[in-house]
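Student: Quick one: structure below, then a few questions.
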Amino acid sequence: MPNILPATTDLVFVDTFRVEATLGEDCWGRARAQPVAISVYLHLHPAFLQTAGRTDDVRDSVHYGHLAKEVARLVRAKSESVQPAFDGPDALIKAVSDAAFVLAGEAAAAARVVLSVPKMVLLASGFSVDATTVKGVPNVVTEKKVLVEDIIIPVLIGVNPPERESKQRVIVNITFYEKLEAGGPVNYREIVSKVAKVCRCSLLLVYRRLVADGSHNQQEIEATSYLTLEKFVMDIVRSSCLASDKIEAVTARAQKPSALSFAQSSGVEITRRREVFTT
């Protein structure tokens with residue numbers, strides 16, 4: 001069987017460009033500027049960089065330095081305007097994609113923008129939106145996924161006697177795949193709260209609900225018991241898929257760092273489409 005070779009591609013990118021921007025509420029529910037990392041992957045028409053590769057002249061390419069400056073300029077201009085807040089991560093991604101297309105001109109075919117906002121979700125180490133926009137009239141988003149990264153959950157899980165006596169850390173990562181039809185933004189804070197209820201542990205719930213009304217205590221919220229990661233992850237996938245009509249599919253991964261002595265972690269990853277739980 002012949003090896004499947006990659007297609008011809010030309011790409012100019014800026015990886016993890018750090019700015020400060022207001023994207024609505026942070027993890028504490030306050031609308032204020034927060035650290036944001038922006039990665040821009042500008043897909044050019046095939047073989048566009050052939051000329052620059054021959055002439056060794058940056059003027060025959062799309063200057064990634066100019067791309068970084070344009071991203072910084074539009075974020076700064078927004079922060080200094082009458083309405084300094086972007087209307088959520090999607091608005092910033094659109095602004096960056098549009099700016100990249102203007103800079104690249106006819107050379108641009110598509111732009112993938114990854115927006116990382118580490119302070120968006122409480123007790124998760126990262127929150128990022130990854131969207132690809134194809135240039136056109138109008139420009140069209142063709143792919144979008146949202147990642148909630150490294151949620152640390154203390155949980156009773158496992159079949160061995162010691163695992164039934166003490167909670168262990170489970171690291172959870174969830175990837176949401178959104179439908180691309182028109183509709184309002186997905187409230188991922190609310191979705192993560194629902195997932196937390198399924199796991200009966202504290203994510204946003206411990207601050208937004210426990211502290212707010214005192215109706216639950218920490219022991220009640222964390223009182224959970226699973227024999228397998230398979231059941232634990234499937235509960236997360238099911239809850240996440242059904243949390244919003246705009247969620248088309250979910251991948252959830254759970255890892256136990258303490259399960260095996262000579263392995264960094266062991267884990268389970270499950271991907272399901274929403275239709276699996278609605279039909």
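The values are calculated or read from the model by the stated rules, or taken from the named source; none is laboratory data. Predicted model, so just to flag it, every value in this text is computed and none were measured. Every residue, glycine among them, receives a Cβ derived from its backbone with ideal geometry; neighbour counts consider all protein chains shown. We work out accessible area using only protein heavy atoms, side chains counted, and drop any ligands, DNA or RNA first. Shrake-Rupley method; radii C 1.70, N 1.55, O 1.52, S 1.80 Å.
Student: Exactly one of (1) out of contact with any helix residue (DSSP H, G or I) (no Cβ under 7 Å at 6 or more places or on another chain); (2) at pLDDT 70 or above; (3) surrounded by fewer than 15 Cβ atoms within 10 Å (Cβ to Cβ) is unmet by Pro185. Its number?
Tutor: Of the numbered conditions (1) out of contact with any helix residue (DSSP H, G or I) (no Cβ under 7 Å at 6 or more places or on another chain); (2) at pLDDT 70 or above; (3) surrounded by fewer than 15 Cβ atoms within 10 Å (Cβ to Cβ), the odd one out for Pro185 is (1).
Student: Looking at Ala77, is it at pLDDT 95 or above, of a type outside the set (S, T, N, Q) and farther than 24 Å from Gly184 by Cβ?
Tutor: Considered against the rule, which asks whether it is at pLDDT 95 or above, of a type outside the set (S, T, N, Q) and farther than 24 Å from Gly184 by Cβ, Ala77 comes out as no.
Student: A follow-up question, please. Looking at segment 66-76, which of its residues are open to solvent by 60 Å² or more (accessible area, probe 1.4 Å) and under 15 Å from Thr22 (Cβ atoms)?
Tutor: Quick first cut of segment 66-76, residues open to solvent by 60 Å² or more (accessible area, probe 1.4 Å) only: 66, 69, 73, 76.
Hit for segment 66-76 is Arg76, nothing else.
Student: Applying the selection to segment 141-157, what residues are under 30 Å from Asp98 (Cβ atoms) and either touching a residue at least 40 places away in the same chain (Cβ under 8 Å) or not polar (S, T, N, Q) (or both)? Step through it out loud before you land on a result.
Tutor: Here is the first cut: in segment 141-157, the residues under 30 Å from Asp98 (Cβ atoms) are 141-149.
Within segment 141-157, Val141, Glu143, Lys144, Lys145, Val146, Leu147, Val148, Glu149 qualify.
Student: Mind checking which pairs have a first residue in segment 242-259 that is free of Cβ contacts under 8 Å to residues at least 40 places away in the same chain and a second that is of a type in the set (Phe, Trp, Tyr), Cβ under 7 Å, 6 or more apart or different chains?
Tutor: As it stands, the answer is Leu242/Phe277, since those pairs meet every condition given.
Matching residues to (1) under 17 Å from Gly105 (Cβ atoms); (2) charged (D, E, K, R); (3) in contact with a Gly (Cβ under 8 Å, 6 or more places away or on another chain); (4) open to solvent by 50 Å² or more (accessible area, probe 1.4 Å):
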{"residue": "Pro46", "(1), (2), (3), (4)": "yes, no, no, yes"}
{"residue": "Asp57", "(1), (2), (3), (4)": "yes, yes, no, no"}
{"residue": "Tyr64", "(1), (2), (3), (4)": "yes, no, no, yes"}
{"residue": "Lys78", "(1), (2), (3), (4)": "no, yes, no, yes"}
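Student: Test Ala124 against the stated conditions and say whether it is at negative phi and at pLDDT 95 or above.
Tutor: no
Student: Which condition does Val206 not pass, out of (1) farther than 18 Å from Ile157 by Cβ; (2) modelled with pLDDT of 90 or more; (3) open to solvent by less than 30 Å² (accessible area, probe 1.4 Å), if it passes all the others?
Tutor: Val206 satisfies every listed condition except (2).
Student: Answer yes or no as to whether Thr51 is outside the structural domain of Ile174 (by the TED database), β-branched (Val, Ile, Thr) and open to solvent by 60 Å² or more (accessible area, probe 1.4 Å). Show your work before the answer.
Tutor: On the way: outside the structural domain of Ile174 (by the TED database): yes; β-branched (Val, Ile, Thr): yes; open to solvent by 60 Å² or more (accessible area, probe 1.4 Å): no.
Spelling it out, it is not the case that Thr51 is outside the structural domain of Ile174 (by the TED database), β-branched (Val, Ile, Thr) and open to solvent by 60 Å² or more (accessible area, probe 1.4 Å).
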